[in-house]
Amino acid sequence: MTDPIDFYLKPSGLLTGTAAANACAAGMGARLAGGPVAFNAAEVIRRNGATRDIAVSGLNALRSCRLRDGVDLSAAIEKRLRTITDRLSPACRSTVRA
């Protein structure tokens, strides 16, 4: 088995406009790259060799995530969420097309 901290987050439950603003204001969503799109869930993807384990969780539940083997991932998840939600640097923004 790979290290339990070795996982990826893939945002899902994408929201735009008023729905995004309301979800973020209520603490039920987070901005994607600091932009106008928000997400309220994410896939947790763990690899084990050629196989992968995928679970979908709401944002609030995700923040207190424990794997089936009881490993506390909350700090690692917060770190990955910051990576997903932080604003893009000016250099990156110039390469992203609207």
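Sort out which residues of region 1-59 are among the hydroxyl-bearing types (Ser, Thr, Tyr), in a strand (DSSP E or B) and touching a strand residue (DSSP E or B) at 6+ places or on another chain (Cβ under 8 Å), and write them in order of number.
Tyr8, Ser12, Ser57
So the check is Cβ under 7 Å with 6+ separation or different chains; which pairs have a first residue in region 16-36 that's more than 17 Å from Gly58 (Cα to Cα) and surrounded by fewer than 16 Cβ atoms within 10 Å (Cβ to Cβ) and a second one that's polar (S, T, N, Q) and modelled with pLDDT of 95 or more?
So the pair list comes out as Pro36/Thr16.
Quick one: how many residues across region 68-91 are of a type in the set (D, E, K, R), modelled with pLDDT of 75 or more and closer than 24 Å to Asp53 by Cβ?
4
State the number of residues belonging to region 37-55 that are over 18 Å from Ala76 (Cβ atoms), surrounded by fewer than 18 Cβ atoms within 10 Å (Cβ to Cβ) and polar (S, T, N, Q).
Going through region 37-55 one residue at a time, the tally reaches 1.
The values are calculated or read from the model by the stated rules, or taken from the named source; none is laboratory data. Everything numeric here is computed off the predicted structure, so don't read it as measured data. FYI the Cβ positions are ideal-geometry reconstructions off the backbone, even for glycines, and counts take in every protein chain you see.
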